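The values are calculated or read from the model by the stated rules, or taken from the named source; none is laboratory data. All values reported here derive from a predicted model rather than from experimental measurement. No Cβ is skipped: glycine too gets one built from the backbone with ideal geometry, and neighbour counts run over all protein chains shown.
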């Protein structure tokens, strides 16, 4: 992947909620492997959706590290067109404080959303690792 494609990919990550604050903390790129680490600030009482364009990857995995003091409930949604999303058949995951969980969509579609069902004030790290 050329650096211009990498920059385009990094700009294709967004939230439905303009008040969500997220930033790229770290990234690695080697041969056909890419690893991205984002820090996301969650606000209480807002359902938060972070959308990723996965069209560059042949396979990919997400992991979420809960840095808050409360359990977080996360669901994965996928979409072919970034308009209509469907929930994955896997149940929602509950991540305990100060722990991490891994998410692998069972079906490949262009867009994947991580949906935080019950966010509390605090931060999470989202790791996205994939093969090009």
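Being in contact with a strand residue (DSSP E or B) (Cβ under 6 Å, 6 or more places away or on another chain), assigned to a strand (DSSP E or B) and over 14 Å from residue 116 (Cβ atoms): is that true of residue 74 here? Answer is no for this residue. The residue list 35, 79 contains one member that is closer than 15 Å to residue 132 by Cα and over 11 Å from the mean Cα position of the chain (by Cα), which is 35.
Consider the range 18-45 and keep the residues that are surrounded by 13 or more Cβ atoms within 10 Å (Cβ to Cβ) and in a loop (DSSP other than H, G, I, E, B). The one that is modelled with the lowest pLDDT is 20.
For the range 82-96, a tally of residues being within 22 Å of residue 24 (Cα to Cα) and part of a loop (DSSP other than H, G, I, E, B) returns 1. Quick check: anything in the range 82-91 closer than 21 Å to residue 22 by Cα and touching a strand residue (DSSP E or B) at 6+ places or on another chain (Cβ under 7 Å)? There is at least one residue in the range 82-91 that is closer than 21 Å to residue 22 by Cα and touching a strand residue (DSSP E or B) at 6+ places or on another chain (Cβ under 7 Å). Applying the condition of being assigned to a strand (DSSP E or B) and free of Cβ contacts under 8 Å to residues at least 60 places away in the same chain to the range 97-132 and asking which residue is farthest from residue 61 (Cα to Cα) yields 100.
Scan 53, 66 and give me the residue that is surrounded by 15 or more Cβ atoms within 10 Å (Cβ to Cβ), within 24 Å of residue 122 (Cβ to Cβ), free of Cβ contacts under 8 Å to residues at least 60 places away in the same chain and within 14 Å of the chain's Cα centre (by Cα). Sole residue among the options that is surrounded by 15 or more Cβ atoms within 10 Å (Cβ to Cβ), within 24 Å of residue 122 (Cβ to Cβ), free of Cβ contacts under 8 Å to residues at least 60 places away in the same chain and within 14 Å of the chain's Cα centre (by Cα): 66. For residue 119, the criteria (1) over 17 Å from residue 40 (Cβ atoms); (2) surrounded by 13 or more Cβ atoms within 10 Å (Cβ to Cβ); (3) touching a strand residue (DSSP E or B) at 6+ places or on another chain (Cβ under 6 Å); (4) at pLDDT below 90 hold in every case but one, which is (1).
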